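FYI, it's all coordinate maths here, none of it is from the lab. Quantities reported herein were computed from a predicted structural model and do not represent experimental measurements. With ideal geometry, Cβ positions are generated from the backbone for all residues, glycine too; neighbour counts draw on all protein chains shown.
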Amino acid sequence: MHIITRAKIFLLLLFFCFGTQNLYSQNVSKTGTTAASFLEIGVGAAANGMGGAFVGLVNDASALYWNAGGIATLTQFEAILVHTDWIADTKFDYAGLVIPMGDFGNIGFSFTSLSMEDMKVRTVEQPEGTGENFSAGDIAVGLSYAKQLTDRFSIGITAKYIKQTIWHMNSSAFAIDAGTLFKTDLLGGLAIGAVISNFGTPMRLDGRDSRYFIRVDENKQGSNERIPVNIELDSWDLPLQFQIGVSTHVFKFDNYNLVVSADALVPNNDYQSLNVGAQFSFMDYFSIRGGYNSLFLQDAEGGLSFGAGVNSKMLLSTAVVNFDYAFRDFGRLKNVHNFSIGIKF
């Protein structure tokens, strides 16, 4: 099929899938009303370089985050390590491993961490610090399973434990992600992916920082001045999100190919939006990427992204290491540089 014809059909498909929905149908965005926002940080420099449009592509171990159905298509042991100097001097790290299990399917393990350096405890009476330090951090541990039901269709599910901590307070939850991937022969290998993420229990902070001592009656002599009370904090839902994505090869030859992709996002804590991206690869050794994140999102900061990747064969071609980099523009929140290493063996 002619390249221009493929591009036209792909754009028409995007319009059919995404253009007919009203991206501003929500009157209230509910921004800032969910817990565990670190679960929304995209994983992998390859995916982030393409603007986060990866649900319909998922061709590496970062599928553990984007669409667990994609790990069913991986035929080798594959691992990914990610490090990002995130916003506000925080550190984001991710590690994932996919293990092929033959006819049984594939399983995967993942670990996510958002951390920060210790900070001084300051009060109104002691604005320069009390001599104590506090820290905050988030973690998530996931177990994934995926299987190809046919040579074109695969499904996957991830169960994960989530924990957030700040000083002496903590909160935990359990959640699942479920995803599917369907590959066709249309338009040079059109793939369609869909995923629901972070469907789970709400989170509520609990710990000794919410405990105080009061005097029940200030007017009565002899009243106990050390009656312990606990402040009951509200519970907050996880950042539930539904995504549907498509990807296809605009052209594919022996030495080079061009892939384009797009994802539509429907979250429970923001307006609907669209991610778009593209990747040009030369001889499967070098790739350059570009994309735009949160297209059509009201009050979005930045959105532009680009990146590059190389891979190196080692150990007599029995293992391949991928080095990827991505740049993301966050507007007033400044820029983020994302690095990841992928290993296939």
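Rg then Dmax, both in Å and based on the Cα atoms of region 306-345: 13.9, 47. Computed per residue of the chain from DSSP H runs no shorter than four, each worth -39500 (n - 2.57), the mean residue ellipticity at 222 nm is -1500 deg cm²/dmol.
Taking 35 Å as R0, compute the FRET efficiency from the Cβ-Cβ separation of SER235 and ASN59 and round it to 0.05.
My answer for the efficiency is 0.40.
Between the helical axis of 3-14 and the longest alpha-carbon principal axis of the chain there is an angle of about 30 degrees. The length gained by stretching the chain between PHE182 and ILE227 to full extension, at 0.36 nm per residue less their Cα-Cα distance, is 10.1 nm.
What fraction of the Cα pairs in region 170-263, stated in percent, has a spacing above 24 angstrom?
The share of Cα pairs beyond 24 Å in region 170-263 comes to 58 percent.
Net length available on complete extension from LYS252 to ASP206 is 11.1 nm, with 0.36 nm assigned per residue and the Cα-Cα distance removed. Pairs exceeding a 24 Å alpha-carbon distance, out of LYS91/LYS147; LYS183/LYS252; LYS183/LYS344; LYS91/LYS160: LYS91/LYS147.
Computed from label points 7 Å out along Cα-Cβ, the spacing between SER37 and ILE99 is 3.6 nm. Mean projection of the Cα convex hull over all viewing directions, computed for region 204-319: 14.5 nm².
The modelled label-to-label distance between SER113 and ILE157, using points 7 Å beyond Cα along the C-beta direction, is 3.0 nm.
In straight-distance terms, cross-link reach from LYS313 covers every one of the aspartates and glutamates whose alpha-carbon lies under 20 Å from its own, apart from those fewer than eight places away in the same chain; here that gives ASP60, GLU78, ASP254, ASP284, ASP324. Convex hull volume of the C-alpha atoms in the chain, normalised per residue: 167 Å³. What separates the Cα centres of region 170-201 and region 228-273 is a distance of 9 Å. Of all aspartates and glutamates in the structure, those lying under 20 Å Cα to Cα from LYS30, and not within fewer than 8 positions of it along the same chain, are GLU40, ASP234, ASP237, ASP270, ASP299, GLU301.
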